[in-house]
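The structure under discussion appears below in the form of structure tokens.
The values are calculated or read from the model by the stated rules, or taken from the named source; none is laboratory data. Quick caveat, the model's predicted, so the values are computed rather than measured. All Cβ positions, even for glycine, are placed from backbone atoms using ideal geometry, and neighbour counts span all protein chains on display.
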């Protein structure tokens with residue numbers, strides 16, 4: 001199977017995105033959901049901004065304050081033995097076995113637009129910025145499903161209450177209507193199928209079962225896109241060397257003659273992220289027809305291997321024209337890249 | 001506020017329940033959902049059976065085998081350094097920071113029936129026994145909501161895939177219809193409100209956010225009792241001395257003139273379980289009107305303080321007659337007890 005990476009890669013880097021907040025730097029412009037709108041390619045960039053710190057031994061955590069509608073910057077001394085600063089993304093309490101207390105950056109969604117799919121212009125303002133108590137640590141990893149002329153955008157909302165998935169809808173990529181939190185904490189990587197199947201909406205989701213140490217993909221149904229149930233287990237982590245840590249949905253499922261094609265991510269326990277593929281029954285997507293036993297894409301290029309968090313390819317959206325999939329994917333938790341793949345060649349790889 | 005504990009307490013103990021499995025002992029008959037049916041009080045007992053072990057240093061884990069429709073008994077040596085056997089309820093991998101690998105008992109739901117609410121007869125057979133891949137470690141803590149002449153029974157399904165909440169419905173407490181998994185892992189303590197409110201069903205639930213170290217109560221809505229969304233945060237753990245570890249719904253919410261009264265449990269980090277109370281808006285139960293700042297009930301009697309896991313009062317259901325609530329509650333993760341409380345006196349305790 002051949003992957004044609006764009007020669008312009010990376011397409012968008014943090015240097016292309018001016019920060020919205022004073023005294024902040026953009027450290028990530030990545031993991032974008034994708035849409036086609038009025039002949040343009042829209043990337044729903046996750047922009048991560050970090051407070052500048054000129055003082056040694058000080059780590060800062062930005063927290064959105066709903067009342068003041070601005071960021072509170074909380075400062076920690078790296079000499080404070082109550083906390084653990086090893087992971088550059090988080091501030092943990094040493095007494096907590098897992099999880100985190102604060103994030104070191106705040107993410108929100110900002111639009112990049114392109115007429116040719118290769119060269120992007122970035123909006124001056126945020127498109128989806130924290131607006132409620134579930135988003136005080138930020139908004140991450142938007143995914144976009146077009147149903148008719150409506151674009152349903154779901155994303156990860158992070159706050160001290162937990163990690164939930166929230167849904168908004170837009171018709172114009174200017175204004176949004178908020179539809180609520182659609183999956184309870186902790187859950188990520190929700191992918192809504194682009195049409196009803198036997199009168200039900202379907203979505204992939206990745207709940208965390210900490211009690212059983214599982215980060216697997218599940219599938220659920222809905223009558224209205226807001227309420228989800230009938231949860232079934234779908235894709236498990238393997239003992240293999242690319243997906244033994246976690247798996248999660250990637251692109252909005254693609255309808256093919258042979259079934260629903262889902263391109264998803266698998267990560268090792270060391271957080272190396274690759275992409276795999278699975279084929280689901282057209283009439284009942286909770287049934288697996290075929291699955292790739294190896295990843296279809298692994299970090300190879302320098303922009304995929306090196307960055308804020310290296311060794312990551314993380315597809316969140318694509319555009320399909322006949323047999324050709326243009327996939328946009330986050331690289332190294334830092335930037336955005338693009339590639340072309342023949343869908344027929346992906347299907348040939350599945351058992 | 002006065003709590004009139006039944007003089008017959010504990011009402012049902014493991015000694016009253018003959019095991020269904022050969023070479024097993026019943027170690028728990030507790031945490032029962034409650035219903036009134038044809039003039040009888042029905043307790044949906046959680047019966048926990050443990051494989052007998054006569055050999056020192058051997059711990060056994062029962063796992064329901066779907067194919068053979070019988071229990072596989074997996075044996076572990078307590079000398080095996082890969083595992084941790086400190087908690088008598090679970091077998092953990094030492095390499096895992098949290099969670100468990102196996103349970104040391106298998107639970108299922110069995111009915112106890114009473115004409116006077118004090119003296120119970122226990123059915124010879126299971127009422128809800130593991131029947132699918134989500135229940136191979138057992139079925140725990142049923143809750144029952146009557147809507148019209150249908151009784152909706154939800155319970156915790158435990159398997160290596162995670163801890164999900166499942167729903168069945170019955171009209172006769174003989175046969176059940178399975179309606180699916182209604183909350184994704186890990187989630188427990190789901191309480192369905194007994195009527196639609198502004199054309200929506202409501203439920204309390206207790207998802208786990210391990211990333212943020214939260215075990216709080218949330219509220220969700222549904223059009224059909226199967227699909228749930230619009231998740232909102234409702235009751236948080238406090239810094240106090242009775243509910244700093246976790247909180248979770250207890251009884252099916254009780255409609256009063258002043259609002260929906262929810263009697264819920266709070267536990268310390270050391271797993272001492274008490275009961276608290278909260279009043280929710282009649283028209284929008286996601287709004288909190290009042291809350292008790294102290295527990296309304298704490299473990300006091302010997303049968304509440306001593307047992308398989310002592311210091312636990314854990315209400316799962318009640319019967320309301322005018323101002324009088326008869327609450328049935330699990331004690332010490334072992335047995336069932338009952339008490340009477342005046343609803344007006346609970347309401348007086350709320351701020």
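Here are the numbers for this structure:
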| read-out | value |
| --- | --- |
| Count - residues of segment A:102-120 that are over 12 Å from residue A:45 (Cβ atoms) and assigned to a loop (DSSP other than H, G, I, E, B) | 7 |
| Residues located in segment B:88-98, provided they are under 19 Å from residue B:138 (Cα atoms) and either within 12 Å of another protein chain (Cβ to nearest Cβ) or over 26 Å from the mean Cα position of the chain (by Cα) (or both) | B:89, B:90, B:92 |
| Some residue of segment B:257-264 being without any contact (Cβ under 8 Å) to a residue 40 or more places away in the chain, within 14 Å of chain A (Cβ to nearest Cβ) and either touching a helix residue (DSSP H, G or I) at 6+ places or on another chain (Cβ under 6 Å) or not in a strand (DSSP E or B) (or both) | no |
| Residue tally, condition in contact with a helix residue (DSSP H, G or I) (Cβ under 8 Å, 6 or more places away or on another chain), buried (at least 23 other Cβ atoms within 10 Å of the Cβ) and more than 17 Å from residue A:340 (Cβ to Cβ), over segment A:280-321 | 1 |
| Residue match in segment A:42-59 (condition: part of a strand (DSSP E or B), touching a strand residue (DSSP E or B) at 6+ places or on another chain (Cβ under 8 Å) and within 23 Å of residue A:208 (Cα to Cα)) | yes |
| Residue that is part of a strand (DSSP E or B), surrounded by fewer than 19 Cβ atoms within 10 Å (Cβ to Cβ) and within 14 Å of chain B (Cβ to nearest Cβ), where the choices are A:244, A:230 | A:230 |
| Filter result for the condition that a residue is touching a helix residue (DSSP H, G or I) at 6+ places or on another chain (Cβ under 8 Å) and modelled with pLDDT of 95 or more, over A:334, A:326 | A:334 |
| Top-ranked residue of segment A:13-26 - restricted to ones that are assigned to a loop (DSSP other than H, G, I, E, B) and out of contact with any strand residue (DSSP E or B) (no Cβ under 6 Å at 6 or more places or on another chain), ranked as surrounded by the most Cβ atoms within 10 Å (Cβ to Cβ) | A:20 |
| Filtered residues of segment A:142-162 (kept if touching a strand residue (DSSP E or B) at 6+ places or on another chain (Cβ under 6 Å) and either more than 24 Å from residue A:328 (Cα to Cα) or within 14 Å of chain B (Cβ to nearest Cβ) (or both)) | A:152, A:154, A:156, A:157, A:158, A:161, A:162 |
| Condition check for residue B:239: at pLDDT below 95, assigned to a loop (DSSP other than H, G, I, E, B), more than 7 Å from every other protein chain (Cβ to nearest Cβ) and surrounded by fewer than 18 Cβ atoms within 10 Å (Cβ to Cβ) | yes |
| Residue in segment A:174-183 that is in contact (Cβ under 8 Å) with a residue 24 or more places away in the chain and more than 14 Å from chain B (Cβ to nearest Cβ) present | yes |
| Residue selected from segment B:199-219 under the condition in contact (Cβ under 8 Å) with a residue 40 or more places away in the chain and more than 23 Å from residue A:89 (Cα to Cα), by the criterion nearest to the other protein chains (Cβ to nearest Cβ) | B:205 |
| Subset of segment A:27-49 (residues that are buried (at least 23 other Cβ atoms within 10 Å of the Cβ) and on the phi > 0 side of the Ramachandran plot) | A:31 |
| Qualifying residue in segment A:175-186 (condition: modelled with pLDDT under 95, within 26 Å of residue A:105 (Cα to Cα) and over 20 Å from the mean Cα position of the chain (by Cα)) | no |
| Residue in segment A:156-167 that is in contact with a helix residue (DSSP H, G or I) (Cβ under 9 Å, 6 or more places away or on another chain), under 27 Å from residue A:15 (Cβ atoms) and at pLDDT 95 or above present | yes |
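Residue-wise test of (1) within 20 Å of the chain's Cα centre (by Cα); (2) crowded, with 16+ Cβ neighbours inside 10 Å; (3) within 14 Å of another protein chain (Cβ to nearest Cβ).
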position: A:56; (1), (2), (3): no, no, no
position: A:65; (1), (2), (3): no, no, no
position: A:76; (1), (2), (3): no, yes, no
position: A:102; (1), (2), (3): yes, yes, yes
position: A:109; (1), (2), (3): yes, yes, no
